[in-house]
Amino acid sequence: MIPVEFDYVKATSIDQALAALKSGGEDSKIISGGQSLLPVLRLRMAEPSVLVDCGGIDEMLGVRDDGDSITIGAATTHHGVMSNSLVQKHALLLAQATATVADPAIRHRGTTGGALAHADPASDIPAAALALDTSFVIAGPGGRRTVAAKDFFLDYFTTAVGPDEILVSFSIPKCDWGSSYSKFNRTAQAWAIVGVAAVVNVQGGVIKEARIGLTNMAPTAVRASTVEAALVGASSPADITAAAMHAADGTRATSDLHAQADYREHLARVITARAVRAASGI
Amino acid sequence: MTAAVETDTAIGKPIRRKEDAHLLHGQTNWTDNIQLPGTVHMAILRSPMAHAKITKLDVSGALKQPGVVAAYGAKELGDLNGGVPCVWPVTDDIKMPAFPALAIDKVRQVGDCVAVVLATSVAAAVDALDSIVVSYEQLPAVTDMEAALGSGSALVHDEIETNACYVYKMPCGDYEASRAKADVVVARRFINQRLIPTFMEPRSVVAAPMGMSDEITIWSATQIPHVLRVLLALVTGIPENNLRVVAPDVGGGFGGKLQCYREEILVTNLAKKLGRPVKWTETRSENLVATHHGRDQIQDIEIAATKDGKILGLKVTLLANMGAYLQIITPGVPLLGMFMYPAIYKMDSYDFTCTGVFTNKTPTDAYRGAGRPESTYAIERIVDELAAEIGMEPMELRKKNWIKHEEFPFTTVAGLTYDTGNYEAATEKALAMFDYDGLRAEQAQRRASGDPVQLGIGISTFTEMCGLAPSRTLGALKYVAGGWEHCTVRALPTGKIEVVTGTSPHGQGHETAWSQIASSILGVPVEDIEVIHSDTGRAPYGMDTYGSRSLAVGGQAIKAASERLVEKARVIAAHQLECSASDLEFVNGSFQVKGDPSKSQALGAVAFEAFTAHNLPPGVEPTLQAEATIDPEDFSYPHGTHLAALEVDTETGQVKLRKYVCVDDVGMQVNPMIVEGQVHGGVAQGIAQALFEGAEYDDDGNLLTASLADYLIPSAADLPSFETGSTVTPSTTHPLGTKGVGEAGTIASTPAIINGIVDALRHLGVTDVAMPAAPQTVWRAIQTAKGGAK
């Protein structure tokens, strides 16, 4: 298909991008890697009048070490994120999740910040961002603000980033806990039916703390907080399996072609146990 | 006789494909790449509803849009709204409702063409679709075949007063007598789900009036340029001798481009009407809903046997989904499988009934295997179920019932005579490659330990019929065409060879394989041979490519024409060398006087003499060419044994294919590397039916799997490395000893996978798993067997 006609602005700075968004009004839309937006445009499910390309803004590219945390420019590609040594050392879970996104061609185009701002409930990145206690830097007409992960994902395809705002970067506190992103899907390139992002702090064979994010179990990625609480003190596979039985608690799983809600809930329990075991080595 | 010539590129050598350099370097000429001056682009307004009255249609708004040249609904198109042809009226009383290119008054499937816009750019044409005013009055959609046949169902076609298209019966022997004698009768219902032939290159067609002449040239991404030319002439009324059809480089088809599509009719008629080139290329979204679909049968299968495993009879009762309309061979596809349900097994009786059913879905038609994957799935599944029922090892049951190699030629209960086969040899080789006994031991161990991951072993010992087809047989089945194939071989003055074939490749490697056949006979290197195909202007005679016929039938024509060329040349060479023709032997591309090798003339030199015509023998005409049009003596019957080892995660239902071994007997192999490639692709496509692919509709007739995000096609990442082997039992009814390989893997692999899944779970009480065996489906089958949730 062919998208409707639109204007295109290639921004070189945040300010220029914000100005373009403002002048484009409510029909303007940010494009970065385009891997989610272009199919939507081609199917004419969205008909924006202006596309503001943020893929060339220096400030939005690359990964930097901020001492206690690392900061990732929102327009860094998935490939750039997963192959970055800072990410691999301090936020391995994010690298693991990013490596499961689609296929290499898409990972070389699509951006991790774009996936976060797009907030598809089946996307792999938001669950990892939740588990890693990520914070988000958003620029808007009134300046910049920082939003915590728990306040970032609001609803289906909806985040704290307003229509006149831009996600500039996101920061992850350095984390050396064991981690695993376990994705359950039907083909290698398919979306997750369920995904589980787990980071686990194990001391002396006992789980001290765990943070678990779930993909595609609600309108947004969610934390499996009941499981997290139940895991404290776990030291055996049986303990983990028992804790993981709570994985679907409080979720709002939906039904689609690949999974009915009850099956999705069942999978969440099974895959959570597997992810925690992989992350903890227990 | 002409002795075969041994060259480095002769028959049997796994040389690299001549086609691949072009493909790999982006030098191909897809139809959508064709850009002619003055082209207008067609965009199609398609029905969003499966069944509805068109209560209003006004295209005038589109005419006011920028770049728009014309816009038509059925009313505006009038006589140019040609009907899509069906060439296989399988019974005398078949119902064949009209299928106009643009829907008239009523739409019957999501994707039905309602109106078209022609504009100077694709974008302008697509934009202008929004300016067409159309209203629908929704009607109840017919989506379920059994409900469609019940009284009170809505009718897809009111004028035929039923949704039953036809009922075809073929009783062979007395099944009821077999059933009465049987100790065991096993009955199962299998669903052979609807599939979408998602070839890589979408459909595309360009039609252009060619200036001073009345010729209209049509470039189309089709498998059947020759058949299409005839059909377009009949449908459009444009004289056949004014139509030239070219299939440029074509990127896959799998039967999906074996068609005379409504879009091809529209583009041809509109190019003539507007007097300028018209072009249309489908989007992937259109492809999924408007390219014909495949399979979609409900199969009620019953097998009768003795308690020690002797098969007595088989009963097959099918409901075959035609979809909303009949296309080129829609009704005949189930009949291509009809003869093959008894497969490799001996039995006393076989009873076949098929009812074709209209529904408000995309029409079905040929898809890789066309009827034979359905039959093979049913027989190989039911044989496994019979084995379980009587407590016999499934391979032992097969061995007990299959035709033994010394019994060929063998006439089956369905009336076909299989010329050759050696099921014992292929099976023995496959079992050895597979480590069958070792895997069975591991399976027993996992069962005993209650491993959450269970191992299953799936068997498929298949045969198929290839090489469509003896024309007389096709006639007896009411198919309105022949099954012959043509070849012209020309020796040019410079010694180069042109092989003109009527087959029409779309990825198979004909240019290489056909060159190898000619090279073997003419002694000319492959690089000096050009294969001309897929253009009715340059290769006027042919029946095109489908049903694994190109080598089995077309290969014979190449052999015969090449041999005739040698005999023509021999007469000229004898004249030149002043000897009698019988004194010449043809060795490595050169005629030599027997006993005096110093006196010789190469084929190229003979060709030059034929060109200059200065010194030809009396009665011999200038130029050196020969042709052959061959009607095959019979079908060919490739066979093989496919074995799959699968791990089934009982906690999630996910199936992981661990090992896949197949030994195929496709007869003589012209190019073993191409054979292997065909087997690999075919096996992957058959596994895709078993595990991944399935077109899903809702109750309103909306296609739910309408994008490749939902219609799942596996990639290499989802499949193991296949282990392929072969045995060679040459066909005796085909002069090259070849049988055909294009569909073998697809036909064989599907039941191997499902048999393997059921084998992994049978101890839990699972006796069947629906296709595609998605994790959720497998998990639910386990839960149901356990007596748990749904």
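The values are calculated or read from the model by the stated rules, or taken from the named source; none is laboratory data. Owing to the predicted nature of the structure, the values given are computational and were not obtained by experimental measurement. In this analysis, Cβ positions are derived from the backbone assuming ideal geometry, glycine residues included, and neighbour counts consider all displayed protein chains.
For this structure, a couple of remarks:
- Restricting B:Gln576, B:Gln625 to those that are within 20 Å of B:Leu492 (Cβ to Cβ), among the polar types (S, T, N, Q) and not in a strand (DSSP E or B) reduces the list to B:Gln576.
- Flag for A:Thr146 being part of a strand (DSSP E or B) and more than 15 Å from the chain's Cα centre (by Cα): yes
- Among the residues of region B:270-296, the one identified as in a helix (DSSP H, G or I) and touching a Phe, Trp or Tyr at 6+ places or on another chain (Cβ under 7 Å) is B:Leu288.
- Taken over region A:1-41, the residue count meeting the criterion of being away from chain B (no Cβ under 14 Å), assigned to a helix (DSSP H, G or I), surrounded by 17 or more Cβ atoms within 10 Å (Cβ to Cβ) and aliphatic (A, V, I, L, M) is 6.
- Residue list for region B:101-119, restricted to those being within 14 Å of another protein chain (Cβ to nearest Cβ) and touching a Gly at 6+ places or on another chain (Cβ under 7 Å): B:Ala119
- Of B:Thr420, B:Thr461, all but one fail to be of a type in the set (S, T, N, Q) and part of a loop (DSSP other than H, G, I, E, B); the exception is B:Thr420.
- Number of residues in region B:160-181 that are under 23 Å from B:Gly323 (Cβ atoms) and in a helix (DSSP H, G or I): the value is 1.
- With respect to the conditions (1) modelled with pLDDT of 95 or more; (2) in contact with a Phe, Trp or Tyr (Cβ under 7 Å, 6 or more places away or on another chain); (3) hydroxyl-bearing (Ser, Thr, Tyr), A:Thr98 falls short on a single one, namely (2).
Quick grid of which residues meet (1) of a type outside the set (Val, Ile, Thr); (2) in contact with a Lys or Arg (Cβ under 6 Å, 6 or more places away or on another chain):
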{"site": "B:Asp451", "(1), (2)": "yes, no"}
{"site": "B:Arg472", "(1), (2)": "yes, no"}
{"site": "B:Arg490", "(1), (2)": "yes, no"}
{"site": "B:Ser504", "(1), (2)": "yes, no"}
{"site": "B:Thr512", "(1), (2)": "no, yes"}
{"site": "B:Val531", "(1), (2)": "no, no"}
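- Considering region A:271-282, the residues that are surrounded by fewer than 22 Cβ atoms within 10 Å (Cβ to Cβ) and small (Gly, Ala, Ser) include one that is farthest from the other protein chains (Cβ to nearest Cβ), namely A:Gly281.
- Yes/no for B:Val267 being in the same structural domain as B:Gly686 (by TED's automatic domain parsing), in a helix (DSSP H, G or I) and β-branched (Val, Ile, Thr): no
- Considered as a group, the residues in region B:77-88 that are out of contact with any Leu (no Cβ under 9 Å at 6 or more places or on another chain) and not in a strand (DSSP E or B) include one that is nearest to B:Ala119 (Cα to Cα), and that residue is B:Gly78.
- Among the residues listed as B:Ser548, B:Ser562, B:Ser582, the single one being assigned to a helix (DSSP H, G or I), of a type in the set (Gly, Ala, Ser) and farther than 17 Å from B:Glu627 by Cα: B:Ser582
- Test for B:Ala432: is it over 23 Å from B:Val648 (Cβ atoms) and free of Cβ contacts under 8 Å to residues at least 40 places away in the same chain: yes
- Residue under evaluation B:Gly211, criteria (1) in a helix (DSSP H, G or I); (2) on the phi > 0 side of the Ramachandran plot, criterion not met: (1)
- All of A:Thr71, A:Thr98 fail the test of being within 26 Å of B:Pro714 (Cα to Cα) and among the β-branched types (Val, Ile, Thr), apart from A:Thr98.
Yes/no per residue for (1) modelled with pLDDT under 95; (2) touching a helix residue (DSSP H, G or I) at 6+ places or on another chain (Cβ under 7 Å); (3) away from chain B (no Cβ under 14 Å); (4) not in a strand (DSSP E or B):
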site: A:Val161; (1), (2), (3), (4): no, yes, yes, yes
site: A:Phe170; (1), (2), (3), (4): no, yes, yes, no
site: A:Lys183; (1), (2), (3), (4): no, no, no, no
site: A:Val196; (1), (2), (3), (4): no, yes, no, no
site: A:Ile207; (1), (2), (3), (4): no, yes, yes, no
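- Residue match in region A:46-57 (condition: in a helix (DSSP H, G or I) and more than 14 Å from chain B (Cβ to nearest Cβ)): no
- Looking only at region B:709-736, and only at residues there that are within 20 Å of B:Glu647 (Cα to Cα) and among the acidic types (Asp, Glu), the one that is farthest from the other protein chains (Cβ to nearest Cβ): B:Glu723
- Summed over region A:228-270, residues that are within 30 Å of B:Tyr697 (Cβ to Cβ) and either among the small types (Gly, Ala, Ser) or within 14 Å of chain B (Cβ to nearest Cβ) (or both) total 17.
- From B:Gln776, B:Gln783, residue being assigned to a helix (DSSP H, G or I), within 14 Å of chain A (Cβ to nearest Cβ) and out of contact with any Gly (no Cβ under 7 Å at 6 or more places or on another chain): B:Gln783
- Filtering region A:112-143 to residues that are in a loop (DSSP other than H, G, I, E, B) and of a type in the set (Gly, Ala, Ser) leaves A:Ala119, A:Ala122, A:Ser123, A:Gly142.
- Look at region B:753-766: where a residue is free of Cβ contacts under 8 Å to residues at least 60 places away in the same chain and a partner is among the aliphatic types (A, V, I, L, M), sitting 6+ places away or on another chain with Cβ atoms under 7 Å, you get B:Gly765/B:Ala785; B:Val766/B:Val758; B:Val766/B:Ala781; B:Val766/B:Ile782; B:Val766/B:Ala785.
- Looking across region B:649-682, the residues that are within 14 Å of chain A (Cβ to nearest Cβ) and either surrounded by fewer than 24 Cβ atoms within 10 Å (Cβ to Cβ) or of a type in the set (Val, Ile, Thr) (or both) come down to B:Asp649, B:Thr650, B:Glu651, B:Thr652, B:Gln654, B:Val655, B:Lys656, B:Leu657.
- When A:Phe170, A:Phe153, A:Phe184 are screened for being among the aromatic types (Phe, Trp, Tyr), closer than 30 Å to B:Pro720 by Cα and buried (at least 20 other Cβ atoms within 10 Å of the Cβ), only A:Phe184 passes.
- Selection status of B:Ser731, in the same structural domain as B:Asp435 (by TED's automatic domain parsing), surrounded by fewer than 24 Cβ atoms within 10 Å (Cβ to Cβ) and over 20 Å from the mean Cα position of the chain (by Cα): no
One line per residue, one yes/no per condition, for (1) in contact with an Asp or Glu (Cβ under 8 Å, 6 or more places away or on another chain); (2) among the hydrophobic types (A, V, I, L, M, F, W, C):
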{"position": "B:Gly701", "(1), (2)": "no, no"}
{"position": "B:Thr705", "(1), (2)": "yes, no"}
{"position": "B:Leu708", "(1), (2)": "no, yes"}
{"position": "B:Leu712", "(1), (2)": "yes, yes"}
{"position": "B:Leu736", "(1), (2)": "no, yes"}
{"position": "B:Gly742", "(1), (2)": "no, no"}
{"position": "B:Asn755", "(1), (2)": "yes, no"}
{"position": "B:Pro772", "(1), (2)": "yes, no"}
{"position": "B:Ala781", "(1), (2)": "yes, yes"}
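- For region B:307-350, the set of residues classified as touching a Cys at 6+ places or on another chain (Cβ under 7 Å) and assigned to a strand (DSSP E or B) consists of B:Leu318, B:Ala320, B:Met322, B:Ser349, B:Tyr350, listed by residue number.
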